[in-house]
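What follows is a single structure, written as structure tokens, with notes after it.
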Amino acid sequence: MREAGPDQATAGVATICDLAGGGLADAQLALGQILLDGVLLPRDARAALGWFLAAARQGSAMGCNMVGRCCELGWGMAAAPAEALRWYRRAACAGLDWGMYNYATGLTLGWDGPPDHVRALAWFRRAAARGHCKSFNIIGGFYEDGWAVTRDLVQARAWYARAAEGGDFRGHFNLARFLLAEGEMIRARRHFENAWQTATPAFRTRMEQFLVESGIEMRFRPAPNG
């Protein structure tokens, strides 16, 4: 399939701008993302936030979630975690799995009061019921650490396995830790390598530290290949 040329891309953005200005929520979300990424238009996080707000005010769950992201990370405004939590709650209550995950994360971290692991776990479970892989991994962490549940390493391992199966790099890493403890060296290496492929640079650093501290860094450290 031939890629769109510059003229086609420009026309496509112009169409999105027209539709967004006409009140189409999906176009408002798309334009907000374009402005946030600085792709095809100059990066303008403040304008992006404005379009996400426009979509949210029309009842868009993803619009609410993106406003929450802007509040959380300070995109186009000063960071405001408590305000982010309120927007994530709106997205979560509208049925968006990412909204549920982000709202649960805010509850776990205590963005607007003391951490609430019980409510957070309930929302992570709701997201997981919709197939949200990152929530699988977090639920595994709740079981491993005994947050809001009785500590259960069997359950933790099972949730990490589900996250890994869904392609979550943290799930791969956490499952690999369990496999390593079980003496499953070959399988552990495979999951460490899978984690490395899609992990963020910060998480790769964490992986390297774990392997070095475990005394097996040379055996398990995957070669960085982009």
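The rows are residues; the columns are (1) over 27 Å from Gly21 (Cβ atoms); (2) in contact (Cβ under 8 Å) with a residue 24 or more places away in the chain.
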{"site": "Ala55", "(1), (2)": "no, yes"}
{"site": "Gln58", "(1), (2)": "no, yes"}
{"site": "Met66", "(1), (2)": "no, yes"}
{"site": "Cys71", "(1), (2)": "no, no"}
{"site": "Asn102", "(1), (2)": "yes, yes"}
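Could you tell me whether Leu40 is touching a helix residue (DSSP H, G or I) at 6+ places or on another chain (Cβ under 6 Å) and outside any loop (DSSP other than H, G, I, E, B)?
No; evaluated as a whole, the condition is false for this residue.
Of all the numbered requirements in (1) assigned to a loop (DSSP other than H, G, I, E, B); (2) surrounded by fewer than 18 Cβ atoms within 10 Å (Cβ to Cβ), Gly76 misses one, and that requirement is (2).
For the stretch 140-170, a tally of residues being of a type in the set (S, T, N, Q) and either crowded, with 16+ Cβ neighbours inside 10 Å or closer than 20 Å to Thr200 by Cα (or both) returns 1.
Among the residues of the stretch 98-117, those that are assigned to a helix (DSSP H, G or I), surrounded by fewer than 24 Cβ atoms within 10 Å (Cβ to Cβ) and not polar (S, T, N, Q) comprise Trp98, Leu109, His117.
Checking the conditions here, which among Cys17, Cys64 is within 19 Å of the chain's Cα centre (by Cα), of a type outside the set (S, T, N, Q) and modelled with pLDDT of 95 or more?
Cys64
Out of (1) surrounded by fewer than 17 Cβ atoms within 10 Å (Cβ to Cβ); (2) among the hydrophobic types (A, V, I, L, M, F, W, C); (3) not in a loop (DSSP other than H, G, I, E, B), what's the single condition that is false for Ala56? That leaves (1) as the condition not met. Counting only residues that are within 27 Å of Cys93 (Cβ to Cβ) and either surrounded by fewer than 20 Cβ atoms within 10 Å (Cβ to Cβ) or not hydrophobic (A, V, I, L, M, F, W, C) (or both), the stretch 31-45 holds 3 of them.
Does any residue of the stretch 135-143 turn out to be assigned to a helix (DSSP H, G or I) and either assigned by TED's automatic domain parsing to the domain that holds Tyr101 or free of Cβ contacts under 8 Å to residues at least 12 places away in the same chain (or both)?
Filtering the stretch 135-143 for residues assigned to a helix (DSSP H, G or I) gives 135-143.
Filter once more, keeping what is either assigned by TED's automatic domain parsing to the domain that holds Tyr101 or free of Cβ contacts under 8 Å to residues at least 12 places away in the same chain (or both): none.
No: zero hits.
When Gly95 is tested against (1) under 18 Å from the mean Cα position of the chain (by Cα); (2) in a helix (DSSP H, G or I); (3) surrounded by fewer than 16 Cβ atoms within 10 Å (Cβ to Cβ), only condition (2) is not met. Does the stretch 180-188 contain at least one residue that is of a type in the set (Asp, Glu) and within 15 Å of Asn137 (Cα to Cα)? There is no residue in the stretch 180-188 that is of a type in the set (Asp, Glu) and within 15 Å of Asn137 (Cα to Cα).
The values are calculated or read from the model by the stated rules, or taken from the named source; none is laboratory data. Please read all numbers here as calculations on a predicted model, not as lab measurements. Positions of Cβ are backbone-derived with ideal geometry, glycine not excepted, and every protein chain shown enters the neighbour counts.
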